[in-house]
Amino acid sequence: MATLIYIADPLCSWCYGFGPELAGLLTGLPGLPIQFVVGGLRAYNKESMDQTQIDTIRSHWKAVEASTSLPFRNDGLLRTDFIYDTEPACRAVKAAEILAPATVFDVFHSIQHAFYADSRDMTQGSELAAVASAAMSAAGTPTDAAAFLQVWEDAATVRATGKDFLQTQRWGIDGFPTLVLERDGQLDLVTSGYMRTEALVEKMQALVDTESDAAA
């Protein structure tokens, strides 16, 4: 049985840009399971940004905006007192997975939109709980923000998040988004980085054709 493994971070700008492309691929592959692994782009960071870092991140955001036309607010959070730690947002995705696995992508995309388009601070538990619980409720799983926050704060959720980070490191993945096709324990890279839907479809077809040729 084939499974797609998506390794990403909700506060990774190219992962934000990749969302519509991945959605396009999945639309053409109904029923294909997909496993979400949070990558930890800047997990556990405790340092605020200097102006050079701000300028670098802003340039990345502008590149994603130009390539995808997705909304960005380039002010607000890009300031020298902001600590860009992605662990809390990654942990919110794991909390959603624990509470209602079917809502993981809804929560992931809602956190992205809140951060990049609305300039909401997705490093804070209360903000994450508000955004995630609203996304889960909209997806058909009524969820209270306080209940979500409790799961987000739970030690088991912290451990599950760290486990994903370690798995990402074991695979040798240091860039996001990354999409992998798993078949009978074999891992094949679909993409490491942003890729258009058409190219994703071509790569998936090439992997399937290669397997068919090997089996012939």
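Answer yes if at least one residue in region 122-129 is touching a strand residue (DSSP E or B) at 6+ places or on another chain (Cβ under 7 Å), assigned to a loop (DSSP other than H, G, I, E, B) and under 17 Å from P88 (Cβ atoms), and no otherwise.
Within region 122-129, the first condition is being touching a strand residue (DSSP E or B) at 6+ places or on another chain (Cβ under 7 Å), and the residues that meet it are 123.
From what is left, the residues that are assigned to a loop (DSSP other than H, G, I, E, B) are 123.
Add one more test, that the residue is under 17 Å from P88 (Cβ atoms), and what stays is 123.
Checking region 122-129: at least one residue is touching a strand residue (DSSP E or B) at 6+ places or on another chain (Cβ under 7 Å), assigned to a loop (DSSP other than H, G, I, E, B) and under 17 Å from P88 (Cβ atoms).
If you check P101 against the conditions, is it more than 18 Å from Y6 (Cβ to Cβ), without any contact (Cβ under 8 Å) to a residue 12 or more places away in the chain and not β-branched (V, I, T)?
On the way: more than 18 Å from Y6 (Cβ to Cβ): no; without any contact (Cβ under 8 Å) to a residue 12 or more places away in the chain: yes; not β-branched (V, I, T): yes.
Spelling it out, it is not the case that P101 is more than 18 Å from Y6 (Cβ to Cβ), without any contact (Cβ under 8 Å) to a residue 12 or more places away in the chain and not β-branched (V, I, T).
Return the pair list, or none, for Cβ contacts closer than 8 Å from residues in region 60-72 that are within 21 Å of S110 (Cβ to Cβ) to residues that are of a type in the set (V, I, T) and surrounded by 12 or more Cβ atoms within 10 Å (Cβ to Cβ), at least 6 apart or on different chains.
The qualifying pairs are L70/V64; F72/V64.
List the number of the failed condition for T86; all other conditions in (1) more than 23 Å from G39 (Cβ to Cβ); (2) in contact (Cβ under 8 Å) with a residue 40 or more places away in the chain; (3) out of contact with any helix residue (DSSP H, G or I) (no Cβ under 9 Å at 6 or more places or on another chain) hold.
Unmet for T86, out of (1) more than 23 Å from G39 (Cβ to Cβ); (2) in contact (Cβ under 8 Å) with a residue 40 or more places away in the chain; (3) out of contact with any helix residue (DSSP H, G or I) (no Cβ under 9 Å at 6 or more places or on another chain): (1).
Given the conditions (1) under 21 Å from the mean Cα position of the chain (by Cα); (2) of a type outside the set (V, I, T); (3) at positive phi, which single one is not true for R58?
(3)
Would you check which residues across region 97-121 are on the phi > 0 side of the Ramachandran plot and part of a helix (DSSP H, G or I) and list them?
Result: no residue meets the conditions.
Of all residues in region 114-127 being under 18 Å from C15 (Cα atoms) and of a type in the set (S, T, Y), which is surrounded by the fewest Cβ atoms within 10 Å (Cβ to Cβ)?
Of region 114-127, the ones under 18 Å from C15 (Cα atoms) are 114-123.
Still in the list and also of a type in the set (S, T, Y): 116, 119, 123.
Working: Y116: 24, S119: 15, T123: 20.
In this case the residue turns out to be S119.
Suppose we filter L29, L25 for residues that are more than 27 Å from F148 (Cα to Cα), in contact (Cβ under 8 Å) with a residue 60 or more places away in the chain and in a helix (DSSP H, G or I); which single one remains?
Going through L29, L25 in turn, just one is more than 27 Å from F148 (Cα to Cα), in contact (Cβ under 8 Å) with a residue 60 or more places away in the chain and in a helix (DSSP H, G or I): L25.
Listed residues I111, I98; which is among the β-branched types (V, I, T) and crowded, with 17+ Cβ neighbours inside 10 Å?
Just a single option satisfies the conditions, and that option is I111.
Considering (1) more than 27 Å from Q169 (Cα to Cα); (2) surrounded by 21 or more Cβ atoms within 10 Å (Cβ to Cβ); (3) not acidic (D, E), say which one F72 fails and leave the rest.
It fails just one condition, (2).
In region 104-134, how many residues are under 20 Å from Y6 (Cα atoms), small (G, A, S) and without any contact (Cβ under 8 Å) to a residue 40 or more places away in the chain?
The qualifying residues number 1.
For region 130-155, name all the residues that are of a type outside the set (A, V, I, L, M), in a helix (DSSP H, G or I) and farther than 22 Å from L41 by Cα.
S133, S137, F148, Q150
For region 43-69: of the residues being in a loop (DSSP other than H, G, I, E, B) and buried (at least 17 other Cβ atoms within 10 Å of the Cβ), which is modelled with the highest pLDDT?
A43
Hey, does region 128-147 have a residue that's surrounded by 19 or more Cβ atoms within 10 Å (Cβ to Cβ), within 23 Å of L166 (Cβ to Cβ) and hydroxyl-bearing (S, T, Y)?
Taking every residue of region 128-147 in turn, none turns out to be surrounded by 19 or more Cβ atoms within 10 Å (Cβ to Cβ), within 23 Å of L166 (Cβ to Cβ) and hydroxyl-bearing (S, T, Y).
The values are calculated or read from the model by the stated rules, or taken from the named source; none is laboratory data. Treat the numbers as computed from the prediction; the structure is a model and nothing was measured. FYI the Cβ positions are ideal-geometry reconstructions off the backbone, even for glycines, and counts take in every protein chain you see.
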